[in-house]
Amino acid sequence: MKNQCSYHVHTLKVEEEFVFDFPFDMMTIRNYVQEILIKLNIKEQLPTFQEADFDYLSQD
């Protein structure tokens, strides 16, 4: 721990590697993150969306 650190990091051991079929299975990301939130006992739910919501994402 550092005296000037304003946050603490908790580690979570994950049993399996995260694998998904980019770009055809983007919902897997949401499901994976939601499972991590549950394991960390965080009550917040991620927004609800569908696979089609990823269709028009772009990068600059």
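Taken together, the values in this text are just the output of simple stated rules run on the coordinates, not laboratory data. Small disclaimer: the values here were computed from a predicted structure and weren't measured. Because the Cβ atoms are built from the backbone with ideal geometry, glycine has one as well, and the counts that use them run over all protein chains shown.
Tell me, what HN-Hα J-couplings in whole Hz come from the Karplus equation 6.51 cos²θ - 1.76 cosθ + 1.60 at θ = phi - 60° for each residue of the stretch 43-56, using x for Gly and Pro?
Whole-Hz 3J(HN,Hα) from phi for the stretch 43-56: 7, 5, 9, 6, x, 7, 8, 10, 4, 5, 5, 8, 4, 10.
Taking the chain, which chymotrypsin sites (Phe, Trp or Tyr not before Pro) meet the DSSP loop condition and have no more than 15 other C-beta atoms within 10 Å?
Qualifying residues, ordered by number: Tyr7, Phe18, Phe20, Phe24, Phe49, Tyr56.
Given q = 0.15, 0.21, 0.24, 0.25 Å⁻¹, what are the Debye log10 I(q)/I(0) values for the chain, with equal point scatterers placed on the Cα positions and solvent ignored?
Log10 of I(q)/I(0), two decimals: -0.67, -0.97, -1.07, -1.11.
For His8 and Tyr56 in one chain, what is 0.36 nm times their gap in residues minus the Cα-Cα distance, to one decimal in nm?
Working: separation 48, 0.36 × 48 = 17.28 nm, distance 3.59 nm.
Result: 13.7 nm gained on full extension.
Please report the net charge: other residues with Cβ closer than 12 Å to the Cβ of Met27, K and R +1, D and E -1.
It works out to a net charge of -3.
With point charges of +1 on the Cβ of Lys and Arg and -1 on the Cβ of Asp and Glu, referenced to the Cα centre of the chain, which listed residue (Ile29, Gln50, His8) lies farthest in the positive direction of the dipole?
Checked the options; the winner is His8.
Quick one: what are the phi-derived ³J(HN,Hα) couplings along the stretch 11-25, Karplus 6.51/-1.76/1.60 with θ = phi - 60°, whole Hz, x for glycine and proline?
In residue order, the calculated couplings are 9, 10, 7, 10, 6, 10, 6, 7, 10, 8, 8, 6, x, 8, 9 Hz.
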